[in-house]
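Asker: Structure below; questions to follow.
The values are calculated or read from the model by the stated rules, or taken from the named source; none is laboratory data. Being a predicted model, the structure only gives us computed values, none of them experimental. Note: ideal-geometry Cβ built from the backbone for every residue, glycine included; neighbour counts use all protein chains shown. Quick note on the areas: whole protein, heavy atoms, side chains included, nothing else; ligands and nucleic acids left out. Shrake-Rupley method; radii C 1.70, N 1.55, O 1.52, S 1.80 Å.
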Amino acid sequence: MNKKLITILLLTVFTLTAVMGLNMRQATAEDVVYGVKNVTGMTDIDVYQFADKYLSGIASDEVIFDADTKVDVIIELGSEKESLLALSRRASAESIAKYIASAEGAKSAESLAEKQLVFKQAVEKLGIEISYKYSYSTIVNGLAATVRFGDIEKLMALNCVYDVALAEYYNIPDTKSSSTQMNIGAGRDATGYTGAGMTIAVIDTGVEWTHEAFSVEPETQKMTVESIAEILPSTAAYNGFALWAFDEETTKDYADGELTAEDVYKSGKIPFYFDYTVASAENIPFEDHGTHVAGIAAGNNGKDFAGAAYDAQVLAFNVFGSQGGASTIDILAAINDAVLMGVDSINMSLGTTSGYKFTGYQDKYYKMAEDAGILVTVSSGNSYWAGYYGVNGNNPRIDNMDYGVVGTPGAYDNVFTVGSYNAYEYDEAWFYLGDERIDYIDASEHKFNEDFINQESEKAGEQLESVNGELALVPLFRMSPPNMMTWIGRDSFDAVDLEGKIAVLELSQSKTIVQPIGSRINIAAQKGAIGIIFILDGATSYTLITDGAELPVPVAILSRDYYAQVKQAAIDNKQITVNKADRIHYPLAVSDFSSRGATQDLKLKPDILATGSPIYSSVLKNQYGYMSGTSMAAPNITGITMIVKHT
């Protein structure tokens with residue numbers, strides 16, 4: 001059953017549900033609802049009429065910029081039918097790269113370049129202030145530029161211009177740290193296929209190419225330094241870049257051959273890395289997200305970590321700047337180059353919240369990638385569902401059936417949109433340090449907040465719902481000589497008063513502590529501690545396995561994110577607040593945060609679900625950690641589709 005047929009069936013189910021299955025108020029004769037005339041009759045659904053009803057009267061000049069505001073735009077100089085990809089398919093070329101290398105392809109590329117030159121000359125004649133960023137030709141013939149908002153109409157009036165669109169900006173999706181152990185390899189069945197010979201483009205925050213999770217080079221490598229060298233001169237990365245930074249224009253032009261294949265080629269595992277936001281092949285990622293996503297799709301350290309398609313190659317396209325935003329200018333440049341390189345799949349764990357589809361000029365770009373045989377996998381977003389934020393429970397209003405919160409580009413037709421499913425049952429728990437929520441990990445088969453509340457309730461002789469506890473740091477004493485590289489030491493329990501306090505102990509990746517974990521817990525309890533919090537120094541996470549044994553006092557473990565903050569709070573003997581209610585249980589079901597619903601044309605999204613919460617994968621500084629989000633579900637599907645394609 002193909003995707004189109006499934007979509008039609010699901011849309012039918014949704015329409016019937018909208019009419020019959022919702023808890024609606026009684027309709028009256030005055031009700032006019034597009035698609036629903038009354039509770040027993042139906043009219044034709046005109047989604048555009050529906051949108052016009054609720055968006056009418058909003059003029060563009062009321063919404064955004066004044067004339068002098070500088071904006072990023074994508075300037076198309078022809079339809080997608082005039083792109084190199086379309087021309088190569090029309091010529092039945094084996095690949096777009098081989099088409100460009102042919103005499104016919106070279107002539108086509110020259111023709112597109114001439115159209116761009118004609119445009120530049122026309123703009124110069126008009127005296128329009130413009131800063132060019134990219135030149136596109138693979139999936140569309142056009143340019144990315146920064147112009148005054150008031151000059152867009154002048155550009156549109158030029159005969160050589162097909163369309164001008166404002167760039168959109170996406171944020172890095174929010175993810176949640178999780179506690180329960182799970183290696184994403186559990187999602188890969190025993191088919192014997194590993195994604196060998198496949199290539200995955202990860203358009204994200206970049207990938208830490210030196211991470212051990214990408215240290216094992218596949219035996220079968222589709223992309224080599226030689227193949228990169230052949231195609232690089234045709235890429236958007238190579239052909240030019242201009243950046244407005246602090247109102248000062250910085251221009252870098254790679255047309256003279258400054259960028260080489262050796263620059264972007266990192267290894268047989270990561271044969272291409274480029275940061276499109278600053279035109280650099282050396283810029284180190286600033287955020288964990290892309291490294292985590294790439295690890296899920298195709299990571300492999302050769303020992304205890306393997307992604308879904310661990311023998312596939314990863315091409316890393318960084319489109320997020322240091323401020324956290326990603327422009328469609330950079331995203332289109334990345335897609336342009338990914339298609340040019342002939343990747344097998346593109347993973348995009350990014351997007352807006354509640355993306356509006358009718359302004360989706362970009363959908364045709366994804367259609368071009370799909371026509372090239374590339375599966376574009378996109379996360380649906382982490383915005384829950386419309387009823388989650390509303391006053392009507394889980395049901396949409398009868399006069400506004402827009403129930404979906406799926407982000408853009410996930411709302412587009414020509415992408416494979418992925419939602420998140422919980423990998424297993426788990427708990428999320430936290431306490432408060434002042435007004436700040438601090439998430440923690442329970443010891444196995446224990447619940448810190450419930451154990452702590454019950455312990456203190458028994459002492460008080462009444463059932464408590466909330467208890468404050470004073471923190472006290474147990475300092476470490478170094479036993480090894482200062483000139484010895486290895487740090488060896490122990491807890492200095494005698495240096496602190498733990499009576500009636502919560503002991504804060506360190507778990508360090510760089511220090512060897514001679515006392516076993518069990519002994520440290522027992523000694524702290526003997527010294528009068530009413531609870532223990534382990535803070536991690538260096539290590540991303542730690543799971544305390546008790547095998548059902550009783551603990552003398554409740555124990556919690558904090559991730560390295562809280563190390564400095566909680567350590568200082570313990571030095572200052574600050575209090576934490578532990579509430580019995582501060583715990584959420586996540587069942588084996590669709591993740592509550594996973595965006596879902598109908599797009600504005602009443603097509604159901606996401607297209608598929610995959611495990612996305614919680615997922616263990618690579619993070620920066622050669623570490624591993626847990627994250628939850630549809631961003632984690634998308635690369636699971638990307639990897640699995642590579643296994644299917646490998647077959």
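Asker: Please report the spacing between the Cα centers of the range 132-160 and the range 477-530 in Å, no decimals.
Answerer: First find each Cα centre; the distance between them is then 63 Å.
Asker: Also, I was wondering about something else. Would you mind classifying the range 443-484 by shape? Square roots of the alpha carbon gyration tensor eigenvalues, ordered a ≥ b ≥ c; an a/c under 1.5 is rounded, otherwise it is prolate if a/b is larger than b/c and oblate if not.
Answerer: prolate
Asker: Along the charge dipole of the range 562-647, Cβ charges K/R +1 and D/E -1, which of ALA589, ILE608, TYR562 sits furthest on the positive end?
Answerer: Result: TYR562.
Asker: Further question on the same structure: Using a 1.4 angstrom probe on the protein heavy atoms only, line up LYS621, LYS133 by accessible area, largest first.
Answerer: Largest accessible area first, the residues go LYS621, LYS133.
Asker: Let me ask another. If the range 494-647 were replaced by its equivalent ellipsoid, with semi-axes equal to the square roots of 5 times the Cα gyration tensor eigenvalues, what would those be, largest first, whole Å?
Answerer: 40, 19, 15
Asker: Compute the separation of the alpha-carbon centres of the range 630-647 and the range 295-349 and state it in Å as a whole number.
Answerer: So the separation of the two Cα centres works out to 12 Å.
Asker: Related question: Sorted by mean Cβ packing within 10 Å, highest first, what order do the peptides 96-102, 494-500 take?
Answerer: 96-102, 494-500
Asker: Put SER519, SER420 in order of accessible area, largest first, 1.4 Å probe: what do you get?
Answerer: SER519, SER420
Asker: Something else: So which of LYS222/LYS621; LYS303/LYS574; LYS70/LYS266; LYS70/LYS98; LYS603/LYS645 end up more than 32 Å apart, counting from Cα to Cα?
Answerer: From the list (LYS222/LYS621; LYS303/LYS574; LYS70/LYS266; LYS70/LYS98; LYS603/LYS645), the Cα-Cα distance tops 32 Å for LYS303/LYS574; LYS70/LYS266; LYS70/LYS98.
Asker: Take the range 79-182, drop everything but the C-alpha atoms, weight them equally and run the Debye formula without solvent; then report log10 I(q)/I(0) at 0.19, 0.21 Å⁻¹ to two decimals.
Answerer: -0.96, -1.09
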